[in-house]
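A.B. asks: Sharing a structure below in structure tokens format, with a few things to ask.
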Amino acid sequence: MSDKDLQETQPLPPSGEKLQKVLARIGVGSRRDVEAWISQGRIKVNGVDATLGQRVDLHDAISVDGRLIKREESAETVRRVIMYNKPDGEICTRDDPEGRPTVFDRLPRPKEGRWINIGRLDINTTGLLMFTTDGELANRLMHPSYEMDREYAVRVRGEVDEDMIARLKAGVVLEDGPARFTDIQEAPGGEGFNHWYHCVVMEGRNREVRRLWESQGLVVSRLKRVRFGPVFLNSDLPMGRWREMSQQEVDILAAEVGLTPVSMPVLNHKSKDKLERLQRKSTRPLGRGERVRTLRPAQEGAAAAERPARQPRGAEAERPARQPRGEAPRKDTGRGRSTVAERPSEMNKRGKPAPKRPGSTRNKPRP
């Protein structure tokens, strides 16, 4: 049989992209959300119920809950990321039947797509949350295969000994399977039976940090996420406030999970004026019980280029800073500096091992 005949008998490769990937990329929802909606019959392609794994192209009409999705090519390349310092009492959902405040309540409304939360925090956990309009970026940052480590400041009530720390680092069995901390470091502060620790996990399972400590008969009285992968939460972002990442920060974050850079939308004169008003408003002190989330862009230029090296918490120099009462002492990375740490990544340089990060297991041999 000739090569030509052989080619004619081989099936053609499937055309288009998977439906859940397309909708995730333009910010309709995460891949997991889209897959659930397909199973529930909420998505149609060309008027017919969609199926899992179905492929589509720009000529296909896609609707969600009867609403036609606009798919201009420019809208499919928008990648924006917001950092948010979540307060206690907010839940990570868009709509709550009980009417409780949500983390989406005061976020700005993007022109294209919608904000997708990168991971979740339970109602009693505070600290770093990120949102993006790029569903593919959200999916990769949350997927276990990319090993995005999460660091938490934890206040534990009870007596902690070395055997407990060793067990938590070696691994314990929870209701949903084995779990462990990849790093635990005691932080200064605390009194009596209250002690602060910084601990790192490599996945985002429900209440995992609390359940790990509770497995040792201890109670977590305060829990705050202070880092997600290369992104740090510092004193530039007070509780209840948010800011949009700069182009440079977003590019570093995307490179961590093997995505190529995408240019952010250019602001017109009206948008820039609105941004300046929000910046002026953000400088005034917060009133009692007031929560204002204002857009505070990352520092550009030379200051942004001076990215602090990622170090273990215990190795950083202490800086005196005013702390909220009852909160773990923070190590400030410096006002005005970027909160995204640039580092080599073996994701993009296969064969060249990256330097080991504190708490990471990326360079440890697998058993």
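A.B. asks: Can you work out the Karplus-derived ³J(HN,Hα) for every residue in region 252-262? Use 6.51 cos²θ - 1.76 cosθ + 1.60 with θ = phi - 60°, whole Hz, and x for glycine or proline.
C.D. replies: The phi angles translate into 5, 4, 5, 5, 4, 10, x, 9, 7, x, 10 Hz.
A.B. asks: Let me ask another. Non-local amide H neighbours of residue 91 (under 5 Å, H modeled in plane, Pro and chain starts lacking H): which ones?
C.D. replies: For residue 91, the qualifying residues are 102, 103.
A.B. asks: With the other protein chains left in place, how much accessible area per residue, in square angstrom, belongs to region 81-262 at a 1.4 angstrom probe?
C.D. replies: On the way: 7250 Å² over 182 residues.
In whole numbers, region 81-262 has 40 Å² accessible per residue.
A.B. asks: Using only the Cα atoms of region 130-248, build the gyration tensor, take square roots of its eigenvalues as a ≥ b ≥ c, and label the shape rounded, prolate or oblate: rounded if a/c is under 1.5, else prolate if a/b is larger than b/c, else oblate. Could you put the intermediate results ahead of the total?
C.D. replies: Details: a/c = 2.48, a/b = 1.43, b/c = 1.73.
Here region 130-248 falls in the oblate category.
A.B. asks: Taking 0.36 nm per residue of sequence separation and subtracting the Cα-Cα distance, how much length would be gained by fully extending the chain between residue 60 and residue 98, in nm to one decimal?
C.D. replies: 9.9 nm
A.B. asks: Something else now. What chymotrypsin sites (Phe, Trp or Tyr not before Pro) does region 170-199 have in DSSP loop regions with at most 16 other beta carbons within 10 Å?
C.D. replies: On the way: sites: 181, 193, 196, 197; in loops: 181, 193.
Answer by residue number: 193.
A.B. asks: Once you have the Kirkwood Rh of region 17-68 from its Cα pairs, apply Stokes-Einstein at 20 °C and 1.002 mPa s and quote D in µm²/s. Mind dumping the intermediate values first?
C.D. replies: On the way: Rh = 10.5 Å.
The calculation lands on 203 µm²/s.
A.B. asks: Now, a different point. In Å², and per residue, what accessible area does region 17-68 have when probed at 1.4 Å with the other protein chains present?
C.D. replies: Roughly 54 Å² per residue, with all protein chains present.
A.B. asks: Can you list residues from other chains, or at least 5 along the same chain, whose modelled amide H is less than 5 Å from the amide H of residue 81?
C.D. replies: Residues meeting the criterion, in which the H sits 1.01 Å from N, are 245.
A.B. asks: Please arrange 195, 59 by accessible surface area, largest first, computed with a 1.4 Å probe and ligands excluded. Show your work: numbers first, answer last.
C.D. replies: Working: 195 40, 59 165 Å².
Largest accessible area first, the list is 59, 195.
A.B. asks: Among the listed pairs 86/274; 44/86; 169/224; 70/224, give every one whose C-alpha distance is greater than 29 Å.
C.D. replies: Values: 86/274 24 Å; 44/86 35 Å; 169/224 19 Å; 70/224 38 Å.
Result: 44/86; 70/224 exceed 29 Å.
A.B. asks: A further question on this structure: State the percentage of accessible surface on region 17-68 attributable to carbon and sulfur atoms; use a 1.4 Å probe and exclude ligands, DNA and RNA. Mind showing how you got there, number by number?
C.D. replies: Working: 1290 of 2790 Å².
On region 17-68, the fraction of accessible area on carbon and sulfur atoms equals 46 percent.
The values are calculated or read from the model by the stated rules, or taken from the named source; none is laboratory data. Quick caveat, the model's predicted, so the values are computed rather than measured. Here the Cβ is made from the backbone with ideal geometry for all residues, glycine too, and neighbour counts use every protein chain on show. Note: accessible area is taken over every heavy atom of the protein model, side chains too, but ligands, DNA and RNA are not part of it. Shrake-Rupley method; radii C 1.70, N 1.55, O 1.52, S 1.80 Å.
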